[in-house]
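Undergrad: Quick one: this structure, given as structure tokens, is what I'll be asking you about.
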Amino acid sequence: MGDSRLYGDASTKARILREAQTWFIVGLGNSPERAAYGVAQFLKNHHKRIVPIHPRAEAVHGEHGYRTIAQAAAELGEPDVVDVFVRSSRAGEFADEAIAAGAGAVWFQLDVIDEDAAQRVIDAGADMVMDACPVIEWRGTF
């Protein structure tokens, strides 16, 4: 593992989980077998607002979907967190979109690693968590 700031320390993760209310979830479609679907349901069950971001803009868990982070932000305002469920090779573009949308934090899911993108997030003044799952972190924190 590289620079620990890029991965998010325990206090950063706990603060995000405690304080962040609006989670834009990139890669969230209406496929129950996908990890994003279960994580979104968990967050919603814990009183977080979930916003599906997916090319199909599907409604998921009763929430209106959007094709892009920018589209959702234009309608809903800045996200507290942009949670990214895509391949590492694509994560950077979504980190950059999250920064442009004014996200307070970017969270790359398990096995999603792009240290250059993570550094851009930190340089923009947002919190960064990489290679972690909010469900696992929640269970270890609360």
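Undergrad: If you work out Cα extents along the principal axes in Å from the coordinates, which of [x] 37, 31, 25; [y] 47, 30, 21; [z] 52, 29, 24 do you get?
TA: So the structure-derived entry is [x].
Undergrad: Helix-only estimate, please: 222 nm mean residue ellipticity of the chain, summing -39500 (n - 2.57) across DSSP H runs of length 4 or more and dividing by its residues, to the nearest 500.
TA: After summing the helix terms and dividing by residue count, I get -12500 deg cm²/dmol.
Undergrad: May I ask for the net charge around Ala20, where only other residues with Cβ less than 14 Å from the Cβ of Ala20 are counted and Lys, Arg are +1 while Asp, Glu are -1?
TA: Charge balance near Ala20 sits at 0.
Undergrad: Assuming 0.36 nm per residue, please report the length gained on full extension of the stretch Asn30 to Asn45 beyond their Cα-Cα distance.
TA: Fully extending the segment from Asn30 to Asn45 adds 3.7 nm.
Undergrad: Multiply the residue gap between Ala57 and Ser4 by 0.36 nm, knock off their C-alpha separation, and tell me the result in nm, one decimal place.
TA: 15.7 nm
Undergrad: Got a sec? How would Arg90, Arg139 order by Cβ neighbour count within 10 Å, fewest to most?
TA: So the ranking, lowest neighbour count to highest, is Arg139, Arg90.
Undergrad: For Cα pairs less than 8 Å apart in space and 6+ apart in sequence, what is the mean separation divided by the residue count of the chain, i.e. the relative contact order in percent?
TA: 26 percent
Undergrad: Follow-up. What residues have an amide H closer than 5 Å to that of Asp127, excluding those fewer than 5 places away on the same chain, when H is modeled at 1.01 Å from N in the peptide plane?
TA: Amide H neighbours of Asp127, under 5 Å, 5+ apart: Ala105, Val106.
Every number here is computed from the coordinates shown, using simple stated rules; none is lab data. Given the structure is predicted, the values throughout are model-derived calculations rather than measurements. Neighbour counts are summed over all protein chains in view; Cβ atoms, including those assigned to glycine, are modelled from backbone coordinates with ideal geometry.
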